[in-house]
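Let me begin by presenting the structure, written as C-alpha cells, before commenting on it.
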Amino acid sequence: MVSTSREPARIAAMFDSIARRYDTLNHLLSAGLDRRWRARAVRELAFTGTEVVLDMCTGTADLAVEAVTASSGQARDVIGVDFAGEMLRLGLAKVRKAGLTDRVHFVRGDATRIPLPDGHFDAAMVAFGIRNVIDSSAAIREFARVLKPGGRLAVLEFGFPRIPGVKAAYRWYFKSLLPRVGRLISKHGDAYSYLPASVEQFPSPEAFAGLLTRNGFASVRTVSLTFGIVYLYVATKIPGD
Ligand SMILES: C[S@@+](CC[C@H](N)C(=O)[O-])C[C@H]1O[C@@H](n2cnc3c(N)ncnc32)[C@H](O)[C@@H]1O
C-alpha cells in the first residue's frame, strides 16, 4: 500500500527526486493535455497585462510561464512559490531559457504559510498542487490573505470521470498503467502510485467548492475538463475578507 501522507518534508523530497523527469512524464502521461488544462486556467483569469499573480506550488513553472506568455491575455508578473528546491531550480532554468526572468520570480515557501504580504496579488493560481497540501483549508485561507479584495483564484486539480464507460477505462489507466510507466521513467518507487491514491483522497468537486466558500471565496465556478479527469475551480476573494 502506497503511503498517502502529506507530511511536507516527504512531499518536498518526493517532488525533488522526480523533478528531472517531471515535465516529460506530465506531457507523456496526459498525452499533452496538461498544457491545455493550464492554458484554460490562465484564459479563465482573463489577464490584461497589469496583474501581479501568485503561482502557488509552481513546481517547474509551466503555469507561471503560461501566465506571462498566453495569447489569451498575459499577467505582468508572476511569483512562483514552492517548497521543493529542485523543482524550483528547474523552473528557474526554464524561465532563464525563455528570457522571462524579469517577469517570473521564485520564492521558496509552504502553501500553508505563504511568505508574502497581505493583499499583494491581483490573482492566484495553483495547478495540481492543492491535493498535496497537508491542510488545504489553511492554504485556501492563505490564498485569500495574499489576494487583494476581489482578486481571483484558479485551481486545477485531478478528479475522476463520472460517465460510466469512461470512468472504468480511466480508472484502469490511472491506477494500473500510469504508476508503472511513471515508475519506469522516474525511477521513483511510489511517486506515481501516490498520484492516483492522493486524487482518490481529494474531496469531490462539490466538497472542494464548499471548502473555497468556507475559507474566504465567493462566486465559485466548477468546470469539468476532459470528462472530469481534471476540474478547474474559479473563485473570487470575498471583498473585505
Ligand atoms: C504536481 S506538482 C505541480 C507543479 C506545477 N504547478 C504544474 O502545474 O506542473 C506539485 C508541486 O506542489 C508542490 N507542493 C506540494 N505541497 C506544497 C506545499 N504545502 N507548499 C509548497 N509547495 C507544495 C510540490 O513541491 C510540487 O512542486
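No lab work stands behind these numbers, since they all come straight from the coordinates. Worth saying up front: this structure is predicted, and the values here are computed from it rather than measured. Counting neighbours? That spans all protein chains shown, and the Cβs are built from the backbone with ideal geometry, glycine included.
Listing for the model above:
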item	result
Contour excess over end-to-end distance, with Cα ends at Val52 and Arg171 and 0.36 nm allotted per residue	39.0 nm
Rounded FRET efficiency, nearest 0.05, which uses the C-beta distance separating Leu184 from Ala218 and R0 of 51 Å	0.70
Gap separating the Cα centres of region 174-241 and region 123-152, nearest whole Å	13
Per-residue HN-Hα couplings for region 195-204 [Karplus 6.51, -1.76, 1.60; θ = phi - 60°; Hz; x = Gly/Pro]	4, x, 5, 6, 5, 4, 7, 6, x, 4
Length gained when the stretch Arg20-Ser72 is fully extended (0.36 nm per residue, less Cα-Cα span)	15.8 nm
Computed over region 102-191, the ratio Rg/Rh where both radii use C-alpha atoms and Rh is Kirkwood	1.09
Among Gly32, Gly165, Gly210: highest mean-square fluctuation, GNM of the chain, C-alpha pairs under 10 Å	Gly165
Over the chain, relative contact order from alpha-carbon pairs under 8 Å, at least 6 apart, %	20
Those lysines that a straight Cα-Cα span of less than 26 Å connects to Lys148, excepting residues fewer than 8 apart in one chain	Lys237
Within a Gaussian network of the chain (alpha carbon springs, distance under 10 Å), most fluctuating of Thr213, Thr50, Thr112	Thr50
R0 of 30 Å, Cβ-Cβ distance Lys148-Arg35: FRET efficiency to nearest 0.05	0.55
Cβ charges +1 (Lys, Arg) and -1 (Asp, Glu), total dipole of the chain, debye	580
Over region 8-237, volume per residue of the alpha carbon convex hull, in Å³	109
Computed over region 53-180: relative contact order in percent, which uses C-alpha pairs under 8 Å that are six or more apart	23
Cα-based equivalent ellipsoid of region 168-241: semi-axis lengths in Å, sorted from largest, via gyration tensor	32, 14, 10
